[in-house]
Amino acid sequence: MPDRFLRAAVTRALPATLAAGSLLIGAVPAAVAAATPAAVAGSGPVVLTGQQLAASWTGPLSTRGRYIVDAKGNRFKLKAGNWDGAQSHYLGSGDASDPADNQAGEVSNNIPMGLDRTPIDKILADFHALGLNTIRLPYADAMIDDEGTVPDSAMAANPQLKGKTPLEVYDAVVKALTTDGFAVVLNNHTTTYHWCCGLDGNERWNKGQSTEKWEDDWRFMVNRYKDNKRVVGADLRNEVRRDGTDDPNWGWGNDKDEYAAFEDIGNKILEQNPDVLIIMEGINWQGIPQGMFPHGRPMLTPVRTLSNTLIESDKLVYSAHFYGFTGPNHTGASGGWQNGETNDPRYRDLSPEDLVKAVNDEALFVTQSGQHFTAPVWVSEFGTAGRGQTDAKEKDWFHRFTDILVNNDTDFAIWPLVGWADGNGTPNDNWAALAYAADGKRTGLEDTGDWRTADWNKLVNANGKTGQVAQVNHWNMLATNVADEDASATMRLKGDWSHGNRKGSCPDSERLIALGRGNGTGLCTDADQPAKDDGSWTTVTDERYVTHGDWAGGYNKLECPENSFAVGFSNDGGSMRALVCAPSAEPLPTKGRDVWFDHGDNRPASGGSTASDWAAGYYKGQCADGEYLAGVGFTWKWNEHGVPDVLLCRPLN
């Protein structure tokens with residue numbers, strides 16, 4: 001969420017640290033579409049009743065390439081908003097019930113905003129009027145353990161909810177939304193009841209609580225709504241950032257490794273409920289915000305060379321946040337270096353061309369088809385002030401940013417949906433799309449007087465992909481240089497199947513098709529995937545199955561048994577230790593070719609993930625899309641250290 005209080009938080013943190021944080025930099029991407037609006041801005045959103053919205057899609061949701069689809073394979077674009085409040089508006093000092101100590105003077109009582117002022121069915125009708133189909137529903141982990149009841153005053157307009165705990169109110173909101181046809185995304189916003197997102201003790205999933213507690217809470221939440229197929233996603237954590245003394249990282253393998261933590265809980269959630277989307281936001285901030293130190297907003301840039309692989313290949317969605325007052329290297333603070341402000345440009349300061357490039361570099365490159373990182377990208381927060389906005393740069397940024405979303409057909413969620421208004425209809429928080437006075441009167445984005453209306457209508461009415469989305473081939477990397485990466489549900493049940501070594505296995509719907517030389521990385525695919533037999537999988541550690549000739553003379557070889565193909569491997573510091581092979585339901589050819597990559601990359605000229613680097617800085621060997629990996633050759637001679645040098649690739653047909 002936008003943090004108008006970051007300035008003071010950063011000021012408190014700067015004396016506590018002098019260590020510069022590292023910033024992961026992505027390569028220059030392919031260009032995204034230029035900003036040429038594809039929709040007429042004048043017309044309002046198409047308004048569906050709850051019954052009509054419910055009939056328009058079927059849960060659960062999954063992904064096909066860059067698109068999210070419903071259970072029938074039809075595109076389901078997340079046209080969403082953030083209904084916040086269950087994570088709290090409390091600023092962290094003073095009286096939590098005093099408006100002066102809450103964001104925008106709004107006391108949320110740790111439940112979604114507006115229930116004190118407007119009946120829930122009226123709020124939902126107003127969501128429909130905005131053209132929404134999805135609600136991102138933030139919560140604090142504290143809500144799960146909160147046994148206190150919400151004050152009756154917070155339920156003034158919804159007396160049926162009086163006497164309930166915050167979690168029970170959250171339950172009622174989820175039920176009302178999904179009954180009315182909306183998709184709901186659960187969003188773990190904070191740990192404690194504390195307005196996000198400066199240095200507030202909520203910077204990481206394990207700041208203020210253990211990783212185990214965070215994982216237990218996610219399992220609890222996913223299980224709680226498991227039978228509701230309109231609860232479509234688990235948005236794992238909001239705006240992971242520096243905590244004042246240390247940075248989060250992407251792939252370092254320690255307790256601050258967001259890449260590893262998100263993949264671990266994502267797989268555990270899918271083991272419990274394979275229907276939900278796993279939504280991973282990138283790193284929101286690293287480094288000390290002063291010119292002499294590295295600092296910036298990596299977002300999804302690390303995904304270029306280190307993407308996630310889940311046990312279900314069609315459940316990963318990446319997300320990112322953009323606000324005009326922040327920037328690629330700007331915290332969003334103001335007031336000079338004393339308050340954490342740098343001289344870096346904000347997004348609203350960028351030229352049209354530079355803004356397009358920044359959004360692509362930091363997020364939208366992920367939607368490029370056929371790569372190891374290909375996935376939908378959801379801009380799950382963006383927004384700016386509406387009524388009373390006087391900053392011309394903010395207005396210009398909002399115009400241009402919504403154009404980028406339109407032209408890239410990007411899933412989105414505005415922040416925030418609901419706020420308060422005074423007796424004259426003036427919003428407390430003029431960022432809110434809907435503001436309700438104490439008597440329930442609404443001042444909304446679609447009502448007269450909000451300059452954002454034309455841009456919003458342009459966005460929700462934009463032309464884009466609709467209807468059936470074709471099935472796609474998946475390409476997923478295995479990064480055992482970070483940690484074990486058992487993405488196979490079958491192999492996860494086997495425990496430590498290569499003791500003392502780093503293990504990687506492909507999702508059960510895929511096979512291993514490539515290896516990096518010496519860094520323990522691999523590439524999986526389901527392109528032309530043969531059906532697997534019900535027989536046992538084989539862990540190969542010697543040459544007993546080399547029965548069709550010496551295809552790599554003088555080299556050690558691991559070869560799959562006849563009529564089976566590689567689906568995983570283990571290594572020790574990059575040195576080959578084992579190959580995992582799954583049996584094919586149909587006979588496979590036994591004649592093949594050697595793919596040597598000991599002196600350079602040896603990848604197909606075209607095909608899957610050939611335009612992206614899944615083993616950065618290392619040579620790569622890759623079979624063609626229509627082949628299967630049958631064996632790996634390596635040697636301990638000549639200081640080669642047992643790293644893979646050659647693949648045995650055989651045709652599938």
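The values are calculated or read from the model by the stated rules, or taken from the named source; none is laboratory data. Bear in mind the structure is a predicted one, so any value in this text is a computation, not a measurement. Reconstructed Cβ throughout: ideal geometry from the backbone, glycine too, with neighbour counts over all protein chains shown. Side chains included, ligands, DNA and RNA excluded: accessible areas come from the protein's heavy atoms. Shrake-Rupley method; radii C 1.70, N 1.55, O 1.52, S 1.80 Å.
Structure values in brief
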| item | result |
| --- | --- |
| Residue satisfying all of: in segment 135-155; part of a helix (DSSP H, G or I) and touching a residue at least 24 places away in the same chain (Cβ under 8 Å); surrounded by the most Cβ atoms within 10 Å (Cβ to Cβ) among these | Asp141 |
| Total residues in segment 575-608, condition part of a loop (DSSP other than H, G, I, E, B) and in contact with a His (Cβ under 7 Å, 6 or more places away or on another chain) | 1 |
| Asp542 free of Cβ contacts under 8 Å to residues at least 12 places away in the same chain, surrounded by fewer than 20 Cβ atoms within 10 Å (Cβ to Cβ) and not basic (Lys, Arg) | no |
| Residue count, segment 465-482 (criterion: open to solvent by less than 40 Å² (accessible area, probe 1.4 Å) and either of a type in the set (S, T, N, Q) or at positive phi (or both)) | 3 |
| Hits in segment 174-213 (condition: among the aromatic types (Phe, Trp, Tyr) and either open to solvent by less than 40 Å² (accessible area, probe 1.4 Å) or more than 19 Å from Asp146 (Cβ to Cβ) (or both)) | Phe182, Trp195, Trp205 |
| Pairs where the first residue, in segment 218-234, is over 19 Å from Trp205 (Cα atoms) and the second is aromatic (Phe, Trp, Tyr), C-beta under 9 Å, 6+ apart | Arg230/Trp57; Arg230/Phe182; Val231/Tyr225; Val232/Phe76 |
| Hey, Arg400 under 32 Å from the mean Cα position of the chain (by Cα) and among the basic types (Lys, Arg) or not | yes |
| From the options Asn158, Asn109, residue that is farther than 20 Å from Gly208 by Cβ, open to solvent by 10 Å² or more (accessible area, probe 1.4 Å) and touching a residue at least 12 places away in the same chain (Cβ under 8 Å) | Asn109 |
| Test result for Asn563, open to solvent by 50 Å² or more (accessible area, probe 1.4 Å), at pLDDT 95 or above, of a type outside the set (Val, Ile, Thr) and on the phi > 0 side of the Ramachandran plot | yes |
| Any chance Ile111 is in a helix (DSSP H, G or I), touching a helix residue (DSSP H, G or I) at 6+ places or on another chain (Cβ under 8 Å) and among the β-branched types (Val, Ile, Thr) | no |
| Scan of segment 592-643 for residues that are out of contact with any Gly (no Cβ under 7 Å at 6 or more places or on another chain), within 25 Å of Tyr545 (Cα to Cα) and surrounded by 24 or more Cβ atoms within 10 Å (Cβ to Cβ), ordered by number | Gly621, Gln622, Cys623, Glu627, Tyr628, Leu629, Gly631, Val632, Gly633 |
| Qualifying residue in segment 448-457 (condition: buried (at least 17 other Cβ atoms within 10 Å of the Cβ), in a strand (DSSP E or B) and of a type in the set (S, T, N, Q)) | no |
| Any hit, segment 563-573, residues being in contact with a strand residue (DSSP E or B) (Cβ under 7 Å, 6 or more places away or on another chain) and in a loop (DSSP other than H, G, I, E, B) | yes |
| Those residues of segment 477-501 which are hydrophobic (A, V, I, L, M, F, W, C) and in a loop (DSSP other than H, G, I, E, B), in sequence order | Val482, Ala483, Ala487, Leu493, Trp497 |
| Single match in Gly65, Gly81 (criterion: of a type outside the set (Asp, Glu), in contact with a strand residue (DSSP E or B) (Cβ under 6 Å, 6 or more places away or on another chain) and either closer than 14 Å to Pro376 by Cβ or in contact (Cβ under 8 Å) with a residue 12 or more places away in the chain (or both)) | Gly81 |
